2 protein chains.
Amino acid sequence: MERVAKACRTAAGLPNVEIVGIHMHIGSQILSAQPFADALQKLAGFCGELKAKYHSFRYVDIGGGIGIQYQAGQKPLSPKAYAAKVMPVLKRLGLSVVMEPGRYLVGNSAVLVCRVQYVKHNGKKTFVVVDAAMNDLIRPMLYEAHHDVLPVMRRKGVFRADLVGPICESGDFLALDRDLPVAEENDLLALTSAGAYGFTMASNYNSRPRPAEIMVDEKQSFVVRKRETWKDLVRGEILPG
Amino acid sequence: MERVAKACRTAAGLPNVEIVGIHMHIGSQILSAQPFADALQKLAGFCGELKAKYHSFRYVDIGGGIGIQYQAGQKPLSPKAYAAKVMPVLKRLGLSVVMEPGRYLVGNSAVLVCRVQYVKHNGKKTFVVVDAAMNDLIRPMLYEAHHDVLPVMRRKGVFRADLVGPICESGDFLALDRDLPVAEENDLLALTSAGAYGFTMASNYNSRPRPAEIMVDEKQSFVVRKRETWKDLVRGEILPG
């Protein structure tokens, strides 16, 4: 808080800088409203001071971090519960409110659909190898994140297996030691909650073109991003002289 | 070994499949020749059997995994030491040899150059914020990999700091708690050993266009991959109806 106050004093002395607001960001994938309320409570007095001091001060950005449901049993933070906690404080402040609920808006709006290449038994373990990989969805490997796996065609039962991609490293997994829908070659599976930190973190690792993005509106569907081709991989390349 | 023999017997019964070779891959970034010799020794008898049984059998792929030097004190595996261990076995086999020393060839042929945006002191810690990020080189975050950091302009001394990128998450680091070259705003720094698993794993996370690739030949240099632009980020996108 002291450093912020100091930064404001510095900014106030600059002829071309206006102090218009303050930004708060307390973390990611938070599933309770209380931390937001606590942080905002801390900020509130400070906002009052800044508002009194600088007539240009008019925004409070309450940041992102609203958690979503990645798996059954996980209780997402409801907008209502969130509002109930933060609105009383915000109302008193009388500032324009900015917020960044990106994951909340798009996280559960998309699934990653993949096709089973084959089912491999290696001693005690079963691997379901699909045509999606860590280059398409790196969250499981990067953050040990959980994405539910659903069968696209209704299947009976589950089996214990790893869901893995075809990339040449042991870290190429999408789900580890999970009860997966019993799947056969050519079955389609869907990884849920792929709308946030999915495509945006996708790479061309192993020379894999990135997948298409399809928007579904009721019974209509639209390609909203073309599937990449080999040409996209080498477009920027130039052979010297 | 039993499963491989079984697979070969199955393959031998298929009219359009030829058994031409065997592939061995024991891991990555291996810094001693002995594991290769040990594995090859295990494989050798088996190769002999397959060669005797199937006249089409003529290749042994001894895989990749030859380690390189990522930091001072780490002793890279020399081609000579490697050859001394594997050649005696390979010679006896009388097969064509295939190998995959990708990282060994390109890993230390490239550096990632970045520019210091600012140096930030946060209580006890110092952060050097540069314009490269985890989307450009994800190995430090993904594998806790070490890449040396060198000053492009000669600087005096080092300071203890984290080298971080401008991406909106705490995992966006390139080097943690390291003695970094004393750097100021606008200084250029080079991350070494960026030739393997660097650009190929780069993403457009945070809407960051991927960097240019420059080939340097003595005093000449060539852009061999154009820096991406905003246009590259949205090229594939289509607004529905």
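Things to note:
- Lone qualifier among B:Lys231, B:Lys226 - being facing chain A (nearest Cβ under 8 Å) and at pLDDT 95 or above: B:Lys226
- Close Cβ contacts (under 9 Å, 6 or more residues apart or on different chains) running from residues in the range B:148-159 that are open to solvent by less than 50 Å² (accessible area, probe 1.4 Å) to residues that are of a type in the set (Phe, Trp, Tyr) comprise B:Asp148/B:Tyr70.
- Boolean, B:Glu184 is part of a loop (DSSP other than H, G, I, E, B), among the acidic types (Asp, Glu) and within 14 Å of chain A (Cβ to nearest Cβ): no
- Selection status of B:Phe159, over 29 Å from A:Arg210 (Cβ atoms) and either within 8 Å of chain A (Cβ to nearest Cβ) or part of a strand (DSSP E or B) (or both): yes
- When the range B:172-224 is limited to residues that are of a type in the set (Val, Ile, Thr) and touching a residue at least 24 places away in the same chain (Cβ under 8 Å), the one that is farthest from B:Asn108 (Cα to Cα) turns out to be B:Val182.
- Qualifying residue in the range A:168-183 (condition: modelled with pLDDT under 95 and aliphatic (A, V, I, L, M)): yes
- Looking only at residues in the range A:213-237 that are farther than 24 Å from B:Lys226 by Cβ and assigned to a loop (DSSP other than H, G, I, E, B), the one that is least open to solvent (accessible area, probe 1.4 Å) is A:Glu218.
- Flag if B:Glu18 is in a loop (DSSP other than H, G, I, E, B), acidic (Asp, Glu) and within 30 Å of B:Val149 (Cα to Cα): no
- B:Arg210 surrounded by 14 or more Cβ atoms within 10 Å (Cβ to Cβ), among the charged types (D, E, K, R) and closer than 30 Å to A:Val224 by Cβ: yes
- Scan of the range A:21-60 for residues that are among the small types (Gly, Ala, Ser), in a helix (DSSP H, G or I) and under 27 Å from B:His121 (Cβ atoms), ordered by number: A:Ala39, A:Gly45
- Matching residues, the range B:111-136, being in a loop (DSSP other than H, G, I, E, B) and touching a Cys at 6+ places or on another chain (Cβ under 9 Å): B:Asp131, B:Ala132, B:Ala133, B:Asp136
- The range B:42-60, residues that are open to solvent by 50 Å² or more (accessible area, probe 1.4 Å), of a type outside the set (A, V, I, L, M) and either modelled with pLDDT of 95 or more or farther than 18 Å from B:Lys85 by Cα (or both): B:Glu49, B:Lys51, B:Lys53, B:His55, B:Arg58, B:Tyr59
- Pick from the range B:61-83, criterion open to solvent by 70 Å² or more (accessible area, probe 1.4 Å) and outside any loop (DSSP other than H, G, I, E, B), ranking: farthest from B:Val20 (Cα to Cα): B:Lys80
- Long-range neighbours under 6 Å by Cβ, at least six apart or interchain, first residue assigned by TED's automatic domain parsing to the domain that holds A:Gly45 within the range A:1-15, second open to solvent by less than 90 Å² (accessible area, probe 1.4 Å) and among the hydrophobic types (A, V, I, L, M, F, W, C): A:Cys8/A:Ile19; A:Ala11/A:Val17; A:Ala11/A:Ile19
- Among the candidates B:Leu163, B:Leu233, B:Leu180, B:Leu176, residue that is out of contact with any Gly (no Cβ under 9 Å at 6 or more places or on another chain), aliphatic (A, V, I, L, M) and more than 22 Å from B:Gln74 (Cα to Cα): B:Leu233
- Screening A:Ala194 on (1) open to solvent by 20 Å² or more (accessible area, probe 1.4 Å); (2) at pLDDT 95 or above; (3) assigned to a loop (DSSP other than H, G, I, E, B) shows it passes everything except condition (1).
- Of the residues making up the range B:189-201, those that are in contact with a strand residue (DSSP E or B) (Cβ under 8 Å, 6 or more places away or on another chain) and either more than 8 Å from chain A (Cβ to nearest Cβ) or at positive phi (or both) are B:Leu189, B:Ala190, B:Leu191, B:Thr192, B:Ala194, B:Gly198, B:Phe199.
- Looking across A:Asn186, A:Asn204, one residue alone is open to solvent by 10 Å² or more (accessible area, probe 1.4 Å) and at positive phi. It is A:Asn186.
- Residue check, A:Leu137 closer than 28 Å to B:Ser203 by Cα and touching a residue at least 60 places away in the same chain (Cβ under 8 Å): yes
- Checking the stated criteria, A:Asp162 turns out to be at pLDDT 95 or above, among the charged types (D, E, K, R), out of contact with any Pro (no Cβ under 6 Å at 6 or more places or on another chain) and open to solvent by less than 40 Å² (accessible area, probe 1.4 Å).
The values are calculated or read from the model by the stated rules, or taken from the named source; none is laboratory data. The structure displayed is predicted, hence computed values, not measured ones. So basically every Cβ, Gly included, is an ideal-geometry build from the backbone, and we count neighbours across all protein chains shown. Remember, those area values only see protein heavy atoms, side chains included, never the ligands or the DNA or RNA. Shrake-Rupley method; radii C 1.70, N 1.55, O 1.52, S 1.80 Å.
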